[in-house]
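Participant: One structure, pasted below without further comment.
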Amino acid sequence: MTVKIAIIDDHQLFREGVKRILEFEKTFEVVAEGEDGEDALGIIEKYHPDVVLMDINMPHENGVEATRKLIETYPDTKIIILSIHDDESYVTHTLKSGATGYLLKEMDSDALIEAVKVVADGGSYLHPKITRNLVEEFRKLSNRYASDGAYRQPEVVQPLHLLTPRECEVLQLLADGKSNRAIGDCLYISEKTVKNHVSNILQKLKVNDRTQAVVMAIKNGWVKVR
């Protein structure tokens, strides 16, 4: 089944690069391109893309405002924000607007393709670096601190009642903010095998995406915050 994609970004060279990467996937089709948020609504009306890749910083109307308007008119629209900002406030503000993904423009091709697939399938996707920042935020908000104010890492108890030892390893590396390719390199397994492990983890933990899996793991003390 073909995934129809629209790219909204004011830099033509960047759009061309993203389009070239996406079209390596036989199931992807870039059906439209736009230069700013004002183009986005017309593109949705005309082409009905499955996934919209939206730059956050654009003239006339930025990606956050455009996302909010699109979601109000077409609530089922799946939007991935493209940004240079990894600050938590940007991420939070963007997700509140209705976006289902957030990618940093420093992404590699694997992260881009994976994000589109996950979001097209109904999940949400955060850039691995953003996931790492999320882990850090949980660490700051945790009340597990020693009397001197230093963070006290609780004992990690792997969820072997739910996952295999290998899946526990993959879950830890997800919490470390690593991409599928990086996980494969760490464990000396193929990226395809990593994807299978991630899929099994999501199914067993009954969550929709890797970010939710990491949040659950942190809350339950299944991974080290490092």
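The values are calculated or read from the model by the stated rules, or taken from the named source; none is laboratory data. These numbers come from a predicted model, not from an experiment. A quick note on method: Cβ atoms are made from the backbone with ideal geometry, for glycine too, and the neighbour counts reach across all protein chains shown. Side chains are part of the model used for accessible areas, which takes the heavy atoms of the whole protein and leaves out ligands, DNA and RNA. Shrake-Rupley method; radii C 1.70, N 1.55, O 1.52, S 1.80 Å.
Participant: What does the accessible area per residue of region 165-220 come to in Å², with a 1.4 Å probe and no ligands, DNA or RNA counted?
Facilitator: Counting only protein heavy atoms, the per-residue value for region 165-220 is 49 Å².
Participant: Still on this structure, please answer the following. Between residue 12 and residue 84, what is the label-to-label distance in nm when each label sits 7 Å out along the Cα-to-Cβ direction?
Facilitator: With each label point 7 Å from Cα toward Cβ, the separation is 2.0 nm.
Participant: If you don't mind, there's one more thing I want to ask. Rounded to the nearest 500 deg cm²/dmol, what is the calculated helix-only ellipticity per residue at 222 nm for the chain, with -39500 (n - 2.57) per DSSP H run of length n ≥ 4?
Facilitator: Theoretical 222 nm ellipticity from helices: -15000 deg cm²/dmol.
Participant: Could you compute the net charge surrounding residue 84? Neighbours are other residues with a C-beta less than 11 Å from the C-beta of residue 84; K and R count +1, D and E count -1.
Facilitator: Summing Lys/Arg as +1 and Asp/Glu as -1 gives -3.
Participant: Collect residues whose amide H, placed 1.01 Å from N in the peptide plane, falls under 5 Å from the amide H of residue 189; neighbours closer than 5 in sequence don't count.
Facilitator: Hits under the 5 Å cutoff: none.
Participant: For a quick check: with amide H placed at 1.01 Å from N, whose amide H comes under 5 Å from residue 125's, ignoring anything fewer than 5 positions away on the same chain?
Facilitator: The answer is 101, 102.
Participant: Express in Å², to the nearest 10, the accessible area of residue 197 obtained by rolling a 1.4 Å probe over the protein heavy atoms while all chains stay in place.
Facilitator: The value for residue 197 is about 30 Å².
Participant: Here's another thing I want to ask about it. Within the set 46/192; 19/46; 46/69; 105/178, which residue pairs have Cα atoms separated by over 24 Å?
Facilitator: Over 24 Å Cα-Cα: 46/192.
Participant: Express in nm, to one decimal, how much length is gained between residue 76 and residue 96 on full extension, taking 0.36 nm for each residue of separation and deducting their alpha carbon distance.
Facilitator: Gain on extension, residue 76 to residue 96, equals 5.7 nm.
Participant: Here's a follow-up. Over region 3-133, with every protein chain in place, what whole percent of the accessible area is carbon and sulfur at 1.4 Å, could you tell me?
Facilitator: 49 percent
Participant: Please calculate how many Å² of accessible area region 3-133 carries per residue, with a 1.4 Å probe and no DNA, RNA or ligand atoms counted.
Facilitator: With all protein chains present, region 3-133 gives 47 Å² per residue.
Participant: Give me the percent of accessible area attributable to carbon and sulfur for region 165-220, probe 1.4 angstrom.
Facilitator: On region 165-220, the fraction of accessible area on carbon and sulfur atoms equals 47 percent.
Participant: In nanometres, what is the gap between the two model label sites at residue 219 and residue 105, each 7 Å from Cα along Cα-to-Cβ?
Facilitator: It works out to 3.5 nm between the two label points.
Participant: If you take every DSSP beta bridge whose two residues both sit in the chain, what share of them, in percent to the nearest 5, is antiparallel?
Facilitator: About 5 percent, rounded to the nearest 5.
Participant: Let me ask something else. I need the semi-axes of the equivalent ellipsoid of the chain: take the C-alpha gyration tensor, multiply each eigenvalue by 5, square-root it, list largest first in whole angstrom.
Facilitator: In descending order the semi-axes read 33, 20, 14 Å.
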